[in-house]
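Chemist: Below: one structure in structure tokens.
The values are calculated or read from the model by the stated rules, or taken from the named source; none is laboratory data. Nothing here was measured: the structure is a model prediction, and the numbers come from that model. We place every Cβ from the backbone using ideal geometry, glycine too, and count neighbours over all the protein chains shown.
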Amino acid sequence: MQRIQFSVTTGLLVAASLTLLSLIYLPSAIAQQGGKQRGGRPPPLVITDSVRTELINDRIKVVGNGLAKASVSVVPLSNGLLSDILVSAGQKVAAGDVLARLDDEEQLIARDRAARTLQEARRDVSRLEQLFKTRSTPEVELVRAQAALSDAEFELRDAELKFARRTITAPIAGIVGFVSVDKGNYVTTQDELLTIDDRSTLVVEFWVPERFANQIELGQAVSATALSSPARQHEGTVTGIASRIETDSRTLPARASIDNKSDTLRPGMSFELNLSFEGESFPAINPLAIQWDSTGSFVWKLIEDKVSKQPVRIIQRNPESILIDADLKPGDRVVTEGVLSLRQGASVRTSGGSKGQGQGQKQKQMQGQTQPETQPQTQPQTQPETQQQTQPQPQTQSQTSGSKSP
């Protein structure tokens, strides 16, 4: 009975000892494990890119209307009956080519009459000059004959001009448009007979916003695309700029000339014009570096091995870069990848490789981060268990010796 009570007492002592040892060693083991997890994790790995400087490139697209280099409406210079029309629509003519004729019989007769009158006046003057030399005629007769000669010369010039105006010629070289009259029609100086367009060079009239009025220049390059054939682009230059802003639209009228030797463009076509204007320089960064929060856009600027939050204002977005207004200088480094775990003033590790290399290093980093988590779990657990097994051995020996003594 005593032996049973002693065994129970001994078992209670052993259990109490084990509980006491667990209370002593377990908090230190947990603290040791947590400390290794916190202190053993390396700084996050990030990829950075350098800041550079680029010129802001303002580009505008405007719609313009095509005009012929020169376009004229042909009207007769005198009234009359159309006796002949020598051209048709689409025909190419040179300056001075005959387009049509008016009936000219009356003018021809007047010219011949003026020519005969002039001939008689010259003969009278010659005869009176001979008589005046011999004092056979008074001077007043000679003066009167000379005045008649002068009048006859003017009459002939007038008759020749009226006769010439019965023939209608091309004032410029170009392509004939539709002929709006027919042979036999009676026309006046107010009637349009036909049009001629010189489309060897096409002039596109367009309007630019007011803020570009001081930037557009004569000779500036322009690319134009006809809305009817958007696959083909035409190059031209600015050849005309208006002197004032249109107050109703707040735009500045301008004109650009486009070579049309191939004769593929027509007056009246609509064009989309692209113009580029170089502005001031701004810091340019990788688009991946831009981050957003409740205060706006920012980037993580790398200062030595720590990051600092730098507010930025976006000026222009380009396909490969973003122009910003910020306290950044060329050569500064900004974080482009690995930004999710960053905090103000946090230490980081940088990768100078490409994007693929950075991802490979991130995978290695993930593998390296799992090892410290495994080691703290095994080390604290084995040490307390070994101590718990070795420490109660004296009590077991005392229990054995106690059982032998009776």
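Chemist: How about the stretch 179-199: which of its residues are in a strand (DSSP E or B) and surrounded by fewer than 16 Cβ atoms within 10 Å (Cβ to Cβ)?
Modeler: Of everything in the stretch 179-199, just one residue is in a strand (DSSP E or B) and surrounded by fewer than 16 Cβ atoms within 10 Å (Cβ to Cβ), namely TYR186.
Chemist: Among the candidates GLY352, GLY360, single out the residue that is surrounded by 12 or more Cβ atoms within 10 Å (Cβ to Cβ), of a type outside the set (S, T, N, Q), modelled with pLDDT under 90 and over 28 Å from the mean Cα position of the chain (by Cα).
Modeler: GLY360
Chemist: Would you mind stating whether SER294 is within 19 Å of VAL51 (Cβ to Cβ) and at pLDDT below 95?
Modeler: no
Chemist: Name the pairs whose Cβ atoms lie under 7 Å apart, with the first residue in the stretch 302-323 and of a type in the set (Asp, Glu), the second assigned to a strand (DSSP E or B) and at pLDDT below 95, and 6 or more positions between them or separate chains?
Modeler: Pairs that qualify, where the first residue is of a type in the set (Asp, Glu) and the partner is assigned to a strand (DSSP E or B) and at pLDDT below 95, are ASP305/SER347.
Matching residues to (1) surrounded by 12 or more Cβ atoms within 10 Å (Cβ to Cβ); (2) polar (S, T, N, Q):
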position	(1), (2)
ARG255	yes, no
LEU273	yes, no
TRP292	no, no
SER308	yes, yes
ASN318	yes, yes
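Chemist: Would you confirm, using the coordinates I've provided, whether LEU252 is in contact (Cβ under 8 Å) with a residue 60 or more places away in the chain, touching a strand residue (DSSP E or B) at 6+ places or on another chain (Cβ under 7 Å) and more than 30 Å from ASP332 (Cβ to Cβ)?
Modeler: Considered against the rule, which asks whether it is in contact (Cβ under 8 Å) with a residue 60 or more places away in the chain, touching a strand residue (DSSP E or B) at 6+ places or on another chain (Cβ under 7 Å) and more than 30 Å from ASP332 (Cβ to Cβ), LEU252 comes out as no.
Chemist: Then there is this: Hey, can you tell me all the residues within the stretch 123-174 that are basic (Lys, Arg) and either exposed (fewer than 15 other Cβ atoms within 10 Å of the Cβ) or within 30 Å of ARG266 (Cβ to Cβ) (or both)?
Modeler: Hits for the stretch 123-174 are ARG123, ARG127, LYS133, ARG135, ARG144, ARG157.
Chemist: Can you pull out the residues in the stretch 266-305 that are over 26 Å from SER321 (Cβ atoms), under 24 Å from the mean Cα position of the chain (by Cα) and in a loop (DSSP other than H, G, I, E, B)?
Modeler: MET269
Chemist: Right, something else. Which condition breaks for GLU235 when tested against (1) over 15 Å from ASN65 (Cα atoms); (2) outside any strand (DSSP E or B)?
Modeler: Against the list (1) over 15 Å from ASN65 (Cα atoms); (2) outside any strand (DSSP E or B), GLU235 comes up short only on (2).
Chemist: Can you confirm whether the stretch 237-249 contains a residue that is under 17 Å from the mean Cα position of the chain (by Cα) and either of a type outside the set (Gly, Ala, Ser) or within 21 Å of THR53 (Cα to Cα) (or both)?
Modeler: Yes, because at least one residue in the stretch 237-249 is under 17 Å from the mean Cα position of the chain (by Cα) and either of a type outside the set (Gly, Ala, Ser) or within 21 Å of THR53 (Cα to Cα) (or both).
Chemist: Do we have SER341 as surrounded by 16 or more Cβ atoms within 10 Å (Cβ to Cβ), at pLDDT below 95 and small (Gly, Ala, Ser) here?
Modeler: So SER341 fails the test.
Chemist: Additional query: Look through ASP97, ASP112, ASP103, ASP58 and report the one residue that is surrounded by fewer than 16 Cβ atoms within 10 Å (Cβ to Cβ) and closer than 30 Å to ALA213 by Cβ.
Modeler: Residue meeting the stated conditions: ASP58.
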